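All remarks here apply to the structure that follows.
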Amino acid sequence: MRFVFTRRFYILLAAGLVPLGLAWTFPSLKYAVVGYDILLIGTAIVDLFMSRKLPEEFVIKREFDRRFAIGDAAKVSLVIDNASPRDIRVIVKDEYPPEMTLNESREAEFNVAAQSTAEFYYHVTPHRRGAYAFGRIAVRHLSRLGLVWCQSQLGEPQTVKVYPNMRRAREMELKALGARSFLAIQRRAVRRGEGREFESMRDYVRGDELRHISWTATARRGKLTTRQYQIERDQTVMIAIDAGRLMTGRIGDETKFDTAIHASLALMSASARAGDNCGLVVFGRRIRKYLPPKRGLEHIDAVLESLHDLEPELIEPSYARAFQFIASNTKKRSFVVILTDLVDKDSSKELINSLKLLRPRHLPLVATIGDRDLNAAVGHAPKDIKEVFTQSAAEEIIHQRESALRLVETLGGLALDVTAQTLAPKLLESYLKVKERGLL
């Protein structure tokens, strides 16, 4: 049984010591003080046993205002329901996951009136995906005579999931597309006559391509008529995220794998707005997650659920196994976006050889997430022999990466070498170009 004496108890105890100052004149006062102290302590013990348990009608529940996401402050509410016939003064202290940042105090003291409810809340900020545990709620309640605080634990432990930040992904999408909506980009593409899906006929305007002229309609109407095309809808985008050794590297506060996840969500959001279906493959030595191409809120929720606790492994990925899986499970021609990193000849060679499994049916785009520090390392003259060796190694890695990406382009694919900051906008830009040019 845990308890703490209250301030009232200590004041009464101190008051009982005052008469000791007269004990030199009246020795019998010493016995009176001892008797008083014994009576006070005895009363406190009786008060403790009378009040040690909270009424069954006193209940505390923990509630969350929304789903937990990386980097977003989440509100944690403690709702107290006092259905008992008496007022109860309490101090509550919640046990939150230590991996999260506490934004304000998680402890509060207040009086809960009889037949009423009270609420206390605080905020925590998660910094990594995964599952985290909230413990039980520590509660101190004031005894009936106010001499002790009785301590107990209420509520049940709760496990919460921290998901990738979809708000951040949509901000990336909006920033990459500018102030214009995706529909505006679609209309621009239609005006330019790109895409491959027929929309309507219109009068010929100087500058229209001759291949778009409908000679049948021209003969029937007696004047030049141009076919107008729009960006095709219901196409397929497959995103393949490397969960191997190099994706464990950290850039700033997050791994390359987390950077790839948020860029993938931005691309998924953009493709859904364009009417396309988007699928996901996460691979290491084996296929770790697969979600077939779909679109809609339910699909996004399924993607977030599948990615919330997935972490890269310190192993080399198998590009051949991943691309064979994609080729076997995606029969329709697709835009396959591969998010990875390359630093040596062996991994580059395996990637290039494995791309043949996707060509010519699919259009692959290989995006390597570079390290800005690597590029900065070769941007100045070396100061000593150590920097000479560092720059030599960095230049070799950059050269191998560029060579691999050039080979990707010779195989008919697309290639991007980007930093973590530019990954999302470059991906969206490449996706729009593929749509506008009708490459699928």
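The values are calculated or read from the model by the stated rules, or taken from the named source; none is laboratory data. The structure displayed is predicted, hence computed values, not measured ones. Neighbour counts run over all protein chains shown; Cβ positions are idealised from the backbone, glycine included.
Among all positions in the stretch 17-34, there is at least one residue which is among the aliphatic types (A, V, I, L, M) and in a loop (DSSP other than H, G, I, E, B). Taking the stretch 279-360 as the region of interest, none of the helices (runs of 4 or more DSSP H) fully inside it holds 1 or more residues being outside the structural domain of Pro425 (by TED's automatic domain parsing) and out of contact with any His (no Cβ under 7 Å at 6 or more places or on another chain). Determine whether Arg168 is basic (Lys, Arg) and over 22 Å from the mean Cα position of the chain (by Cα). Answer is no for this residue. I'd like the full set of residues that are closer than 18 Å to Arg273 by Cα, modelled with pLDDT under 90 and touching a Lys or Arg at 6+ places or on another chain (Cβ under 8 Å), limited to the stretch 417-440. Glu436, Gly438, Leu440, listed by residue number.
Can you say whether Val162 is in contact with a Pro (Cβ under 6 Å, 6 or more places away or on another chain) and either at pLDDT 95 or above or surrounded by 16 or more Cβ atoms within 10 Å (Cβ to Cβ) (or both), as far as the supplied structure shows? Criteria met by Val162.
This table checks each residue for (1) hydrophobic (A, V, I, L, M, F, W, C); (2) over 27 Å from the mean Cα position of the chain (by Cα).
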| residue | (1), (2) |
| --- | --- |
| Thr43 | no, yes |
| Arg89 | no, yes |
| Tyr96 | no, no |
| Glu104 | no, no |
| Ala108 | yes, yes |
| Ala131 | yes, no |
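The residues in the stretch 97-115 that are touching a strand residue (DSSP E or B) at 6+ places or on another chain (Cβ under 6 Å) and of a type in the set (Gly, Ala, Ser) can be counted, and the count is 1. Filter the stretch 217-249 for residues that are touching a helix residue (DSSP H, G or I) at 6+ places or on another chain (Cβ under 8 Å) and of a type in the set (D, E, K, R); which is surrounded by the most Cβ atoms within 10 Å (Cβ to Cβ)? The extreme case among them is Asp242. Of all residues being assigned to a loop (DSSP other than H, G, I, E, B) and of a type in the set (D, E, K, R) in the stretch 207-251, which is modelled with the lowest pLDDT? Just the residue, please. Among residues in the stretch 207-251 that are assigned to a loop (DSSP other than H, G, I, E, B) and of a type in the set (D, E, K, R), the one modelled with the lowest pLDDT is Glu232.
Can we say Arg129 is outside the structural domain of Glu254 (by TED's automatic domain parsing) and under 22 Å from Tyr163 (Cα atoms)? Yes: the conditions hold for Arg129.
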